[in-house]
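The structure appears below as structure tokens.
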Amino acid sequence: KQEVTQIPAALSVPEGENLVLNCSFTDSAIYNLQWFRQDPGKGLTSLLLIQSSQREQTSGRLNASLDKSSGRSTLYIAASQPGDSATYLCAVPGTGGGADGLTFGKGTHLIIQP
Amino acid sequence: AAGVIQSPRHLIKEKRETATLKCYPIPRHDTVYWYQQGPGQDPQFLISFYEKMQSDKGSIPDRFSAQQFSDYHSELNMSSLELGDSALYFCASSRLFTEAFFGQGTRLTVV
């Protein structure tokens, strides 16, 4: 059974810092990994999807890397802003097929201090 | 751009009642997923459909059922509701093997 772990569970930093959020998973036979952002009581916003054949994916100030063999992914946030405050979740699909449900980590609760 | 539409946004039911949640996926997405998120918890996968056929099943209680219709919208039916069913219920859609997009969720409160 796939297990996803995110470190740290919470992080509070001043505005402008560069951040690294970590995600690890136990079953490396995944075909992609997805990072989400969730604001309190709201839906999940997809940030980045990395296919298993890719090592990195970038969107604006966000960069996600994937090391499938070691079961790790990182989300790098450059020049953090107060609007980045949210919970960040990584998720991987099951290994049975394309419509498998996602297994989520418990998230990193991020606070950016103005 | 069109997003995943869920209705209703909020629902209050009494114990032992039945609830039906609806999901309208992004056009041309062939896969629909349902998730349950309890307070302070990560989303838990319930069930998925690919091309209107049930595809994967997670931790969905036997009291819950779901289906996907010919127009690709999906409904989650929840019977004999319990207090512990109070949660945010999300629907997501995707094209197979690609990025999943989530709706804003239905907040179900069982009293």
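What about A:LEU89, is it at pLDDT 95 or above, in a strand (DSSP E or B) and within 28 Å of B:ILE60 (Cα to Cα)?
Here the answer is yes, as A:LEU89 does meet what is asked.
Against the condition polar (S, T, N, Q), at the interface with another protein chain (Cβ under 10 Å from one of its Cβ atoms) and in contact with a strand residue (DSSP E or B) (Cβ under 7 Å, 6 or more places away or on another chain), how does A:GLN54 come out, does it pass?
Numbers: polar (S, T, N, Q): yes; at the interface with another protein chain (Cβ under 10 Å from one of its Cβ atoms): no; in contact with a strand residue (DSSP E or B) (Cβ under 7 Å, 6 or more places away or on another chain): yes.
Spelling it out, it is not the case that A:GLN54 is polar (S, T, N, Q), at the interface with another protein chain (Cβ under 10 Å from one of its Cβ atoms) and in contact with a strand residue (DSSP E or B) (Cβ under 7 Å, 6 or more places away or on another chain).
Given the conditions (1) in a strand (DSSP E or B); (2) more than 14 Å from the chain's Cα centre (by Cα); (3) within 9 Å of chain A (Cβ to nearest Cβ), report the number of the one that B:ILE12 does not fulfil.
Every listed condition holds for B:ILE12 apart from (3).
Select from the range A:62-72 the residues that are assigned to a loop (DSSP other than H, G, I, E, B), at negative phi and surrounded by 14 or more Cβ atoms within 10 Å (Cβ to Cβ) and list them in ascending order.
Of the range A:62-72, the ones assigned to a loop (DSSP other than H, G, I, E, B) are A:68-71.
Restricting the remaining residues to those that are at negative phi gives A:68-70.
The one that is assigned to a loop (DSSP other than H, G, I, E, B), at negative phi and surrounded by 14 or more Cβ atoms within 10 Å (Cβ to Cβ): A:LYS68.
So how many residues does the range B:56-67 have that are within 11 Å of chain A (Cβ to nearest Cβ) and outside any loop (DSSP other than H, G, I, E, B)?
Of the range B:56-67, the ones within 11 Å of chain A (Cβ to nearest Cβ) are B:56-60.
In the following step, the residues that additionally are outside any loop (DSSP other than H, G, I, E, B) were identified as B:56-57.
The qualifying residues number 2.
Examine the range A:20-28 for a residue that is within 11 Å of chain B (Cβ to nearest Cβ), at pLDDT 95 or above, surrounded by fewer than 20 Cβ atoms within 10 Å (Cβ to Cβ) and over 19 Å from B:PHE45 (Cβ atoms), and state whether such a residue exists. Working first, answer last.
Start the filter on the range A:20-28 by keeping residues that are within 11 Å of chain B (Cβ to nearest Cβ), which leaves none.
Among the residues of the range A:20-28, not one is within 11 Å of chain B (Cβ to nearest Cβ), at pLDDT 95 or above, surrounded by fewer than 20 Cβ atoms within 10 Å (Cβ to Cβ) and over 19 Å from B:PHE45 (Cβ atoms), which makes the answer no.
What's the number of the condition B:LYS22 fails, among (1) within 14 Å of chain A (Cβ to nearest Cβ); (2) in a strand (DSSP E or B); (3) of a type outside the set (Ser, Thr, Tyr)?
Evaluating B:LYS22 over (1) within 14 Å of chain A (Cβ to nearest Cβ); (2) in a strand (DSSP E or B); (3) of a type outside the set (Ser, Thr, Tyr) leaves (1) as the failure.
Hey, among the residues in the range B:83-97 that are under 16 Å from B:SER48 (Cα atoms) and not in a strand (DSSP E or B), which one's farthest from the other protein chains (Cβ to nearest Cβ)? Spell out how you get there, then give the answer.
Just the residues of the range B:83-97 that are under 16 Å from B:SER48 (Cα atoms), to begin with: B:89-97.
Then drop every residue that is not not in a strand (DSSP E or B), which leaves B:95-97.
Working: B:ARG95: 9, B:LEU96: 4, B:PHE97: 5 Å.
This residue is B:ARG95.
This table checks each residue for (1) modelled with pLDDT under 95; (2) of a type in the set (Ser, Thr, Tyr).
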{"site": "A:SER52", "(1), (2)": "yes, yes"}
{"site": "A:GLU56", "(1), (2)": "no, no"}
{"site": "A:SER59", "(1), (2)": "no, yes"}
{"site": "A:PRO82", "(1), (2)": "no, no"}
{"site": "A:THR103", "(1), (2)": "no, yes"}
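Would you point out which residue out of A:LEU48, A:LEU75 is under 26 Å from B:GLN36 (Cα atoms), in a strand (DSSP E or B) and either within 11 Å of another protein chain (Cβ to nearest Cβ) or without any contact (Cβ under 8 Å) to a residue 24 or more places away in the chain (or both)?
A:LEU48
Give me the residue from the range A:32-45 that is within 12 Å of A:THR87 (Cα to Cα) and part of a strand (DSSP E or B) and, out of that set, nearest to the other protein chains (Cβ to nearest Cβ). Write out each step before concluding.
The initial filter retains those residues of the range A:32-45 that are within 12 Å of A:THR87 (Cα to Cα), namely A:35-45.
Checking which are part of a strand (DSSP E or B) leaves us with A:35-38, A:44-45.
Working: A:TRP35: 10, A:PHE36: 8, A:ARG37: 11, A:GLN38: 9, A:LEU44: 4, A:THR45: 8 Å.
So, considering only residues that are within 12 Å of A:THR87 (Cα to Cα) and part of a strand (DSSP E or B), the one nearest to the other protein chains (Cβ to nearest Cβ) is A:LEU44.
Taking the range A:83-98 on its own, how many of its residues are within 15 Å of B:SER55 (Cβ to Cβ) and surrounded by 23 or more Cβ atoms within 10 Å (Cβ to Cβ)?
Qualifying residue count for the region: 1.
Yes or no: B:ALA2 more than 9 Å from every other protein chain (Cβ to nearest Cβ), among the aliphatic types (A, V, I, L, M) and without any contact (Cβ under 8 Å) to a residue 40 or more places away in the chain?
Values: more than 9 Å from every other protein chain (Cβ to nearest Cβ): yes; among the aliphatic types (A, V, I, L, M): yes; without any contact (Cβ under 8 Å) to a residue 40 or more places away in the chain: yes.
When the stated conditions are applied, B:ALA2 passes them.
For (1) touching a residue at least 60 places away in the same chain (Cβ under 8 Å); (2) in contact with a Ser or Thr (Cβ under 6 Å, 6 or more places away or on another chain); (3) within 13 Å of chain A (Cβ to nearest Cβ), each residue gets a yes or a no:
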| residue | (1), (2), (3) |
| --- | --- |
| B:GLN36 | no, no, yes |
| B:ASP42 | no, no, yes |
| B:GLU51 | no, no, yes |
| B:GLN54 | no, no, yes |
| B:LEU81 | yes, no, no |
| B:GLU99 | no, yes, yes |
| B:GLN104 | yes, no, yes |
| B:VAL110 | yes, yes, no |
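Does the range A:57-72 hold any residues that are within 12 Å of chain B (Cβ to nearest Cβ) and either within 17 Å of A:ILE7 (Cα to Cα) or over 12 Å from the mean Cα position of the chain (by Cα) (or both), and which are they?
Within the range A:57-72, the subset within 12 Å of chain B (Cβ to nearest Cβ) is A:57, A:59.
Of everything in the range A:57-72, just one residue is within 12 Å of chain B (Cβ to nearest Cβ) and either within 17 Å of A:ILE7 (Cα to Cα) or over 12 Å from the mean Cα position of the chain (by Cα) (or both), namely A:SER59.
The values are calculated or read from the model by the stated rules, or taken from the named source; none is laboratory data. Given the structure is predicted, the values throughout are model-derived calculations rather than measurements. Here the Cβ is made from the backbone with ideal geometry for all residues, glycine too, and neighbour counts use every protein chain on show.
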